[in-house]
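K.L.:
Here it is: the structure, laid out below.
The values are calculated or read from the model by the stated rules, or taken from the named source; none is laboratory data. Keep in mind that what you see is a predicted model, and the values were worked out from it rather than measured. Here the Cβ positions follow ideal geometry from the backbone for every residue, glycine too, while neighbour counts run over all protein chains shown.
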């Protein structure tokens, strides 16, 4: 078999099925990544969403026995929202990050990878493959970097010369010996903007992230959010784009190449107050196809409460009082009480005092006290 020719054929085919960039890498162990991951684990910087076995994350042979090469793919996604609705007094809106616009990217990339698998299976009947997107054992970023898709930026994203960092990544392990591509040179240089403007200081240094502080991670948690981060969430409902939007390599970048990735403006920038009472069925029907729905409605609703507090939206006070008194979930009741204190209207104090009499959850009571203290400070 002429592996170089098969590689060229595969590259040509990838263009026809909507893959914007493809690269090839060896399946040798990722030794440098292993050292970095062990250090991340030691420092407690992991999010907990990753594959826990560092050996599997760094040794392709443990994922596919006999693996010889890895095919990396990238699809560019939009960075500008067309016909974006405006957030205004009484109609405040939240925002989903760009990686949650359109159809869940996991499904989009899996579709492209399956087509590549079929292409190879038709030409090499005994081929062995294993594809993954985001939730697989391997590090998408490390594979893409080795395969020449882009360099690993200081914002911990792969930055491509063509599409900036607005790309989704996926990869396929195979037992075929494809000639590898050459990695790109690092292109961030002395620029340190992403590290400097990270809202929570989660980018410890260029290329090192404390996931526990990252807003993209925090918006996906389900419990009470630490108070130090509540005011930094802003109106983000899911994810965070700050380290990408400030990147000079992303200036002027906006690709609309895939219909599946086009956003519904009303869903990716939704009104906040209706989210507080949305039911499970309606949430799944509206948001279930988006990647930002994978943790369910609870984190989105909590973040919507924090966003209303961020805006100090006085028109939301009746809605927040109802959540504080009626929502069966302690996180929602407590966060609503805190938000009422943050918004700072005097009538909220009386409602919090009333709700305290019926409340039995210790964490919720603590949040109610925080709300009352904030209201007292405002009145004084």
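K.L.:
What are the pairs, 6+ residues apart or on separate chains, where a residue within the range 109-130 that is at pLDDT below 95 has its Cβ under 9 Å from a residue that is not in a helix (DSSP H, G or I)?
P.N.:
Hits for this filter: 126/175.
K.L.:
May I pose another question? Looking at (1) over 30 Å from the mean Cα position of the chain (by Cα); (2) closer than 21 Å to residue 302 by Cβ; (3) touching a residue at least 12 places away in the same chain (Cβ under 8 Å); (4) surrounded by fewer than 23 Cβ atoms within 10 Å (Cβ to Cβ), which is the one condition that is false for residue 332?
P.N.:
(1) is the only condition that residue 332 fails.
K.L.:
If we scan the range 25-45, do we find a residue that is buried (at least 16 other Cβ atoms within 10 Å of the Cβ), under 19 Å from the mean Cα position of the chain (by Cα) and modelled with pLDDT of 95 or more?
P.N.:
Checked the range 25-45: no residue is buried (at least 16 other Cβ atoms within 10 Å of the Cβ), under 19 Å from the mean Cα position of the chain (by Cα) and modelled with pLDDT of 95 or more.
K.L.:
Return yes or no: is residue 81 modelled with pLDDT of 95 or more, in a loop (DSSP other than H, G, I, E, B) and within 30 Å of residue 271 (Cα to Cα)?
P.N.:
yes
K.L.:
While we're here: Quick check on my filter: what residues within the range 50-62 are under 29 Å from residue 214 (Cα atoms), surrounded by fewer than 21 Cβ atoms within 10 Å (Cβ to Cβ) and in contact (Cβ under 8 Å) with a residue 40 or more places away in the chain?
P.N.:
51, 53, 56
K.L.:
When you scan the range 109-208 for strands (runs of 3 or more DSSP E) that lie fully inside it, which ones turn up with 2 or more residues that are closer than 24 Å to residue 256 by Cα?
P.N.:
167-174
K.L.:
Select from the range 153-167 the residues that are closer than 20 Å to residue 181 by Cα, surrounded by fewer than 20 Cβ atoms within 10 Å (Cβ to Cβ) and touching a helix residue (DSSP H, G or I) at 6+ places or on another chain (Cβ under 9 Å) and list them in ascending order.
P.N.:
Correct list: 161 only.
K.L.:
Contact list please: Cβ distance under 6 Å, first residue in the range 174-202 and without any contact (Cβ under 8 Å) to a residue 24 or more places away in the chain, second residue crowded, with 18+ Cβ neighbours inside 10 Å and in a loop (DSSP other than H, G, I, E, B), pairs at least six apart or on different chains.
P.N.:
These pairs meet every condition: 202/210; 202/213; 202/214.
K.L.:
Which one is nearest to residue 173 (Cα to Cα), of the residues in the range 124-133 that are out of contact with any helix residue (DSSP H, G or I) (no Cβ under 6 Å at 6 or more places or on another chain) and surrounded by 14 or more Cβ atoms within 10 Å (Cβ to Cβ)?
P.N.:
130
K.L.:
Oh, and also: In the range 251-290, how many are part of a helix (DSSP H, G or I) and over 18 Å from residue 105 (Cα atoms)?
P.N.:
Total satisfying the criteria: 10.
K.L.:
Further question: If you check 17, 54, 22, 73, which single one turns out to be at pLDDT below 95 and closer than 30 Å to residue 126 by Cα?
P.N.:
Matching residue, one of 17, 54, 22, 73: 54.
K.L.:
Hey, can you tell me all the residues within the range 186-196 that are surrounded by 14 or more Cβ atoms within 10 Å (Cβ to Cβ) and over 18 Å from residue 142 (Cβ atoms)?
P.N.:
191, 193, 194, 195, listed by residue number.
K.L.:
On the given criteria, is residue 6 touching a residue at least 40 places away in the same chain (Cβ under 8 Å) and over 21 Å from residue 156 (Cα atoms)?
P.N.:
yes
K.L.:
Let me ask you something else. Criterion first (assigned to a helix (DSSP H, G or I), in contact (Cβ under 8 Å) with a residue 40 or more places away in the chain and touching a helix residue (DSSP H, G or I) at 6+ places or on another chain (Cβ under 7 Å)) does residue 300 satisfy it?
P.N.:
Yes, satisfied.
K.L.:
Now for a separate question. Name every residue in the range 258-285 that is closer than 30 Å to residue 19 by Cβ and exposed (fewer than 13 other Cβ atoms within 10 Å of the Cβ), in order of residue number.
P.N.:
259
K.L.:
Against the definition (at pLDDT 95 or above and in contact with a helix residue (DSSP H, G or I) (Cβ under 6 Å, 6 or more places away or on another chain)), how does residue 170 come out, yes or no?
P.N.:
yes
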